[in-house]
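So the structure is just underneath, and the comments pick up after that.
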There are 4 protein chains.
Amino acid sequence: MKKVSIVGGSGYAGGEFLRLITGHPALEVDQVISRTYAGQPLKRVHPHLRNFDLPTFVEPAALHETDVLILALPHGKAQADIEKYAGMAEKIIDLSADFRLDDATHYEKWYGEAHSTPEWLEKFVYGLPEVNREKLRGADYVSGVGCNATATNLALRPFVIADLIDDNYPITVEVKVGSSEGGASNSPGSHHPVRSGAVRTYAAVGHRHTAEVHQITGLENIHLSLTSIEMVRGASALAHVFVKEGTTEKDLWKAYRKVYKKEPFVRIIKERHGNYRRPEVKLLSGTNYADVSFDLDPATNRVVAIAAIDNLMKGASGTAMQCLNLMYGWDEEVGLSFSGLHPI
Amino acid sequence: MKKVSIVGGSGYAGGEFLRLITGHPALEVDQVISRTYAGQPLKRVHPHLRNFDLPTFVEPAALHETDVLILALPHGKAQADIEKYAGMAEKIIDLSADFRLDDATHYEKWYGEAHSTPEWLEKFVYGLPEVNREKLRGADYVSGVGCNATATNLALRPFVIADLIDDNYPITVEVKVGSSEGGASNSPGSHHPVRSGAVRTYAAVGHRHTAEVHQITGLENIHLSLTSIEMVRGASALAHVFVKEGTTEKDLWKAYRKVYKKEPFVRIIKERHGNYRRPEVKLLSGTNYADVSFDLDPATNRVVAIAAIDNLMKGASGTAMQCLNLMYGWDEEVGLSFSGLHPI
Amino acid sequence: MKKVSIVGGSGYAGGEFLRLITGHPALEVDQVISRTYAGQPLKRVHPHLRNFDLPTFVEPAALHETDVLILALPHGKAQADIEKYAGMAEKIIDLSADFRLDDATHYEKWYGEAHSTPEWLEKFVYGLPEVNREKLRGADYVSGVGCNATATNLALRPFVIADLIDDNYPITVEVKVGSSEGGASNSPGSHHPVRSGAVRTYAAVGHRHTAEVHQITGLENIHLSLTSIEMVRGASALAHVFVKEGTTEKDLWKAYRKVYKKEPFVRIIKERHGNYRRPEVKLLSGTNYADVSFDLDPATNRVVAIAAIDNLMKGASGTAMQCLNLMYGWDEEVGLSFSGLHPI
Amino acid sequence: MKKVSIVGGSGYAGGEFLRLITGHPALEVDQVISRTYAGQPLKRVHPHLRNFDLPTFVEPAALHETDVLILALPHGKAQADIEKYAGMAEKIIDLSADFRLDDATHYEKWYGEAHSTPEWLEKFVYGLPEVNREKLRGADYVSGVGCNATATNLALRPFVIADLIDDNYPITVEVKVGSSEGGASNSPGSHHPVRSGAVRTYAAVGHRHTAEVHQITGLENIHLSLTSIEMVRGASALAHVFVKEGTTEKDLWKAYRKVYKKEPFVRIIKERHGNYRRPEVKLLSGTNYADVSFDLDPATNRVVAIAAIDNLMKGASGTAMQCLNLMYGWDEEVGLSFSGLHPI
């Protein structure tokens, strides 16, 4: 049994990672750190953990050595203390954006300040198994992924690999997201009478996850918009991409199948019948699946690619658990078997 | 034209009253007071007023004499300054609970502290036209109503008047309410991921509006529970009341018709067909209607009485406008003609 | 491995039972019967089962012998063919209301027609482990439970056992339910623009589950109302019950603890802090938990008891799986470990 | 007073038009035609009209001459009978797609069959006052607009007029829509447990309203996707458009202001503070406003233009009423003063 401590464990990603540990045969919860909630029971903020015998939150200063550290801190905090954390655990997964980008100049461009420990960037592997599986096997330092970036990357990367994209044209993406993306702290904009039923484009241009999409897909001419809609969990990306003249539906199928046919957590959803013919994000709540699809308009060479994920799972803690399995050489599906609910 | 100033005008009830003024032929907005938003445009917090040429919020100290003062302050504030306000306007409507109860001992019992200006209680008329229409005509000081109390009172009062209730048995009521009842300020419990989809009984026993129900219906053996559900606007009360042996459906019809047949804003909804056979609270958003119904179980003498209102309208600002019309001797329906939307 | 066939397997309860089988170490899916969908893949109507290698739907006529039959048919169908089904499996669980009541006269009273095979009523055990655990061990014929009855029964039964209820007064209950209670077939009333945001009391009086509450609690003076609200899954019952003079909060705690402290799937939720102080039905989606609470108003001896369940799980398929575990002498928690999600 | 009859008056657009008539000083309801509901009261399907004294639905055969005919029929029906209708009223507004396109070949391309009365296409004016105001004054035959097309057209047209668009690049649009777009008839896909919380891209490519966008904006290289989300009313379009090198934020402001500054029902929403900084579709429920905004990414010349409307109002009946006012030479704002609700 490996012991896992979570630093910043009162947030939503921390809560999901804790849930996953409770169902994992080789992991156990060690410490859960929260300055705000130190001394209080976990169930105070994580009511889905009521049934488990878990420790109370502890102060940051009480952190002791353990096997695995999950860092679920606000952006900027992990990089500041990374040396300290590295001395306390054999494996670290940082869920923030601190170690996602390979290049410190990109970090500075998108996050508006210089990275404080740029020498650590190359030590971290970007934690998306569909891209970096081999690097993740046995890795010690892994960065979590951005949820909106992940939906976008999974929708588009097969077309890059198959070299189908006509790069004369920009790729545009709108990601529709749930309120849990904003985190566990309330704000005027998260007040239920305000947020309920909203269709609020909060990042029309300039979203930071663009950097992750550049890095993972290699696509430069790609443009994101982010819109909050009425849901709690979920990120559903719809990308408009123009493919090379002559590209057929069959080519697109081949591109997706080549990349995803052996992926345990990516499903191609293209049905001719029933209520769920394309990815439906609500069906993914609590699961680690990314559901993807494409539609081709042969008259214009436009492809509409969709990827839906649970932002807290495949977009954060689920993928992190998949990575941890790889880091320890275990079956990467362990602890991630929840199939989702219907109806929901 | 009468000029109206609103003290505490940044809340939801204030916003609704402002909307009603914009549609009222004999009223105009004078000042809108808000300590927090002084100097800012009304549309900052009241986006539905974007189309109107309205003043910016002003500091409390800037309040000047006017014709009508609407007090929309936190409970306890209006009573403290009522002498000052009375010197500044010919008509006052206080939307808080400060002047709803006739009896200062009841106030103290339910609100947990002595009333600071009990001599003013008798000067205020409880502002429910269906009960106090004649007292409201020409009145100068009127108290707003509690939304949950109003739904309950409108459901039950006809049975009291018709003397149909078997008072050996308690009357029990559950009011299902929307998130706007909690006001315009965000809190941990109003955070969208938490509040969304909730069925949260926040006042199982001891709700303060019970005092208003006692006062208006005369019923003592009545018991409220309040449950927040997934909606923004609305309060829908379902009351279980036991009627005297031998009471028939026809008796109940007569009781409701007697009290409500001439009421412009109370509708008896009992349909045999269609999707909306009983009151449906969502249909009342933005309207001043209270929709009521009853069902009799002849085997047990139980009557289930339902009343649905928009908590911000019939439960607050709509009824206040209806009162203001009466206070000035105008047609009480003026400015309250919105019929609601369907579908919604 | 025991083989399970589901007759009427295209509905929501059938879909949930199938999900539970996929996570159960000692069960496997044999046949799934649906006249409407015969020949089509299960995922067509059960998209949460996409990841499993499951058979297609088959015609009723194709049903062959198996180990366990789950009957998920419209009310009235199972009783007509029970002799046939009994010849085809060693264990049967019928999810309909056909075999819930012990007494054929009660069946006729509440369901409006004579039971066609009343001699089978005594062969079936009412499938609520919290009440009939010992009878369920090794049983061959088990009836599923009514979801609304179950929420009500679990809220109230401890007070009956502890003899705390003042039976001079009626007990009144309002159950708030999600749209999945109406089943998988669309209707004018389930049309999204109509059903969305509804607070629709569809059974003010006379709800059939009252019979199950009578039978399980022994309470005769109990009265249900059913209200559809904006949610897909869930049933949340709030009961007003008057207890004997002098009953204390401590007495109520003792009553609940006595009955529930060893129950694996019933949790008493009474918190002083946090966002989830009483049962919150949304947290139970997909789980087999029933969360219960009580509040006492000492001034009036009113107790407000709340029980929340997922209507498709603890209110149908989850409890059925718990029963099946008992019927085979297995640990009753097997296959029911999902802890629920937060936020949701 | 002009008399208005509605053919196909049981649908949602018909219901909204009826609501608007009840608030219009120069219009009165004549006949409301519905084959399905003939003989039944309007409130059976239009519960928001309960307070008005309106006729029952009548059979199609009973249609008599009147002043204004509103045709709210399924696509294809109005063109078949247009000669008959033209003989029965001085003014006709057809809300279907039958007379929206100028060119019969475009109609055939997008609707898949030849137009049966192509000679009538040129007699109809496309009913978008922001584009065709002068043609609409005094017109006798007006076509309603497509809701998704209208949101798209209003977002983009100012940039076309100002010649800011770089036409080397495709324009891509995703319109998020509410369930009322699907009409008043229930279907498997509109079943609440299925439709609730959905993010369902039902037209990834090839949406028919593209033809209207081509026609109104002149843009050929424009590509729509339609996604149903959790809301009842509303269409919110987000368009990605690339502008010419050197285009500034100020240029975009000028483009929008030039076209919209005198428009009574189009509002540019770009706020630096508050919860509603860009168009928020829920605030428009029941109103005739289109709220528009733009954001420029100067690094890439991408503009994100957003337009939000109530699909049943500005996207259907509201614009139709605005047209009718113009057709009769009245103030075009008459009957359209509802400002919307907040919170909602």
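Applying the selection to segment C:164-184, what residues are touching a residue at least 60 places away in the same chain (Cβ under 8 Å) and surrounded by fewer than 24 Cβ atoms within 10 Å (Cβ to Cβ)?
In the first step, residues of segment C:164-184 are kept if they are touching a residue at least 60 places away in the same chain (Cβ under 8 Å); the result is C:164-166, C:168-169, C:171-178, C:180-181, C:183-184.
Across segment C:164-184, the qualifying residues are C:Leu164, C:Ile165, C:Asp166, C:Asn168, C:Tyr169, C:Glu181, C:Gly183, C:Ala184.
Among the candidates B:Ala89, B:Ala78, B:Ala61, which residue alone is assigned to a helix (DSSP H, G or I), touching a Leu at 6+ places or on another chain (Cβ under 8 Å) and not acidic (Asp, Glu)? Walk me through how you get there before you give the answer.
Values: B:Ala89 fails: assigned to a helix (DSSP H, G or I); B:Ala61 fails: touching a Leu at 6+ places or on another chain (Cβ under 8 Å).
Within the list B:Ala89, B:Ala78, B:Ala61, the selection yields B:Ala78.
Whenever a residue of segment C:191-208 is more than 7 Å from every other protein chain (Cβ to nearest Cβ), its partners that are in a loop (DSSP other than H, G, I, E, B), lying with C-beta atoms within less than 8 angstrom and at least six residues away or across chains, give the pairs C:Arg208/C:Ala97; C:Arg208/C:Gly146. Go through (1) touching a Lys or Arg at 6+ places or on another chain (Cβ under 9 Å); (2) touching a residue at least 12 places away in the same chain (Cβ under 8 Å); (3) not hydroxyl-bearing (Ser, Thr, Tyr) and name the single condition A:Phe159 misses. Status for A:Phe159: all satisfied but (1).
Within segment A:22-31, is even one residue within 14 Å of another protein chain (Cβ to nearest Cβ) and crowded, with 24+ Cβ neighbours inside 10 Å? No: zero hits.
Being in contact with a strand residue (DSSP E or B) (Cβ under 7 Å, 6 or more places away or on another chain), closer than 13 Å to B:Ala320 by Cβ and of a type in the set (D, E, K, R) is the requirement here; does B:Arg100 meet it? Yes: the conditions hold for B:Arg100. The numbered conditions (1) open to solvent by less than 30 Å² (accessible area, probe 1.4 Å); (2) closer than 25 Å to A:Ala307 by Cβ; (3) not in a helix (DSSP H, G or I) are all true for A:His115 except (2).
For every residue, the table says whether it meets (1) in the same structural domain as D:Gly23 (by TED's automatic domain parsing); (2) within 30 Å of D:Ala198 (Cβ to Cβ); (3) surrounded by fewer than 24 Cβ atoms within 10 Å (Cβ to Cβ); (4) in contact with a Cys (Cβ under 6 Å, 6 or more places away or on another chain).
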residue	(1), (2), (3), (4)
D:Val241	no, yes, no, no
D:Gly246	no, no, yes, no
D:Arg257	no, no, yes, no
D:Tyr260	no, no, yes, no
D:Ser293	no, yes, yes, no
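Taken together, the residues in segment B:27-45 that are under 22 Å from B:Ser179 (Cα atoms) and either assigned to a helix (DSSP H, G or I) or charged (D, E, K, R) (or both) amount to 3. With respect to the conditions (1) surrounded by fewer than 21 Cβ atoms within 10 Å (Cβ to Cβ); (2) closer than 30 Å to C:Lys250 by Cα; (3) more than 9 Å from chain B (Cβ to nearest Cβ), C:Ser187 lacks only one, and its number is (2). Against the criterion of being basic (Lys, Arg) and in contact with a Lys or Arg (Cβ under 9 Å, 6 or more places away or on another chain), D:Arg233 qualifies. Out of B:His24, B:His48, which single residue is over 25 Å from B:Lys84 (Cβ atoms), part of a helix (DSSP H, G or I), under 23 Å from the mean Cα position of the chain (by Cα) and at pLDDT 95 or above? Result: B:His48 is the single residue among B:His24, B:His48 that is over 25 Å from B:Lys84 (Cβ atoms), part of a helix (DSSP H, G or I), under 23 Å from the mean Cα position of the chain (by Cα) and at pLDDT 95 or above. Taking the conditions (1) more than 30 Å from B:Met231 (Cβ to Cβ); (2) within 17 Å of the chain's Cα centre (by Cα) in turn, C:Trp253 satisfies each one other than (2).
Among the residues of segment A:190-218, count how many are touching a strand residue (DSSP E or B) at 6+ places or on another chain (Cβ under 9 Å), buried (at least 19 other Cβ atoms within 10 Å of the Cβ) and of a type in the set (Gly, Ala, Ser). Going through segment A:190-218 one residue at a time, the tally reaches 4. Candidates are the residues of segment C:227-236 that are of a type in the set (A, V, I, L, M, F, W, C) and touching a helix residue (DSSP H, G or I) at 6+ places or on another chain (Cβ under 6 Å); the one that is farthest from the other protein chains (Cβ to nearest Cβ) is C:Ala235.
Report whether or not A:Glu134 is over 30 Å from A:Ser337 (Cα atoms), open to solvent by 20 Å² or more (accessible area, probe 1.4 Å) and away from every other protein chain (no Cβ under 14 Å).
no
Applying a threshold of 8 Å to beta carbon distances and a minimum spacing of six or more residues, or different chains, the list of pairs starting in segment A:295-323 at a residue that is farther than 14 Å from A:Ala155 by Cα and ending at one that is of a type in the set (Asp, Glu) and open to solvent by 10 Å² or more (accessible area, probe 1.4 Å) reads A:Pro298/A:Glu249; A:Asn301/A:Asp166; A:Asn301/A:Glu245; A:Asn311/A:Glu181; A:Gln322/A:Glu332; A:Gln322/A:Glu333. The residues in segment A:224-239 that are open to solvent by less than 10 Å² (accessible area, probe 1.4 Å), under 27 Å from C:Val45 (Cα atoms) and either touching a strand residue (DSSP E or B) at 6+ places or on another chain (Cβ under 6 Å) or charged (D, E, K, R) (or both) can be counted, and the count is 5. For segment D:41-85, the tally of residues that are within 14 Å of another protein chain (Cβ to nearest Cβ), open to solvent by less than 50 Å² (accessible area, probe 1.4 Å) and of a type outside the set (D, E, K, R) stands at 9.
Residues in segment A:266-279 that are touching a Pro at 6+ places or on another chain (Cβ under 7 Å) and open to solvent by less than 30 Å² (accessible area, probe 1.4 Å): 2 in all. Name the pairs: first residue in segment D:326-344 and within 14 Å of another protein chain (Cβ to nearest Cβ), second residue aromatic (Phe, Trp, Tyr), Cβ to Cβ under 7 Å, at least 6 apart or on different chains? Every condition considered, the pairs that remain are D:Phe338/B:Phe338; D:Pro343/B:Tyr12.
Can you tell me which residue is nearest to B:Phe124 (Cα to Cα) among those in segment B:138-178 that are of a type in the set (Phe, Trp, Tyr) and more than 14 Å from chain C (Cβ to nearest Cβ)? This residue is B:Tyr141.
Being touching a residue at least 24 places away in the same chain (Cβ under 8 Å) and open to solvent by less than 10 Å² (accessible area, probe 1.4 Å) is the requirement here; does D:Leu283 meet it?
Values: touching a residue at least 24 places away in the same chain (Cβ under 8 Å): yes; open to solvent by less than 10 Å² (accessible area, probe 1.4 Å): yes.
For D:Leu283, the condition - touching a residue at least 24 places away in the same chain (Cβ under 8 Å) and open to solvent by less than 10 Å² (accessible area, probe 1.4 Å) - is met.
Screening the candidates B:Asn221, B:Asn288 for the property of being of a type in the set (S, T, N, Q), open to solvent by 30 Å² or more (accessible area, probe 1.4 Å) and within 12 Å of another protein chain (Cβ to nearest Cβ) yields one hit, B:Asn221. Yes or no: segment B:145-160 includes at least one residue that is open to solvent by 10 Å² or more (accessible area, probe 1.4 Å), more than 20 Å from B:Val281 (Cβ to Cβ) and either modelled with pLDDT under 95 or not hydroxyl-bearing (Ser, Thr, Tyr) (or both). Within segment B:145-160 (the criterion being open to solvent by 10 Å² or more (accessible area, probe 1.4 Å), more than 20 Å from B:Val281 (Cβ to Cβ) and either modelled with pLDDT under 95 or not hydroxyl-bearing (Ser, Thr, Tyr) (or both)), the answer is yes, since at least one residue qualifies. Within segment B:304-335, if we keep just the residues that are over 11 Å from the mean Cα position of the chain (by Cα) and open to solvent by 10 Å² or more (accessible area, probe 1.4 Å), the residue that is farthest from B:Gly15 (Cα to Cα) turns out to be B:Gly329.
The values are calculated or read from the model by the stated rules, or taken from the named source; none is laboratory data. Quantities reported herein were computed from a predicted structural model and do not represent experimental measurements. Don't worry about glycine lacking a Cβ; one is built from the backbone with ideal geometry, like all the others, and counts go over all protein chains shown. What goes into the accessible areas is simple: the full protein's heavy atoms, side chains included, and nothing from ligands, DNA or RNA. Shrake-Rupley method; radii C 1.70, N 1.55, O 1.52, S 1.80 Å.
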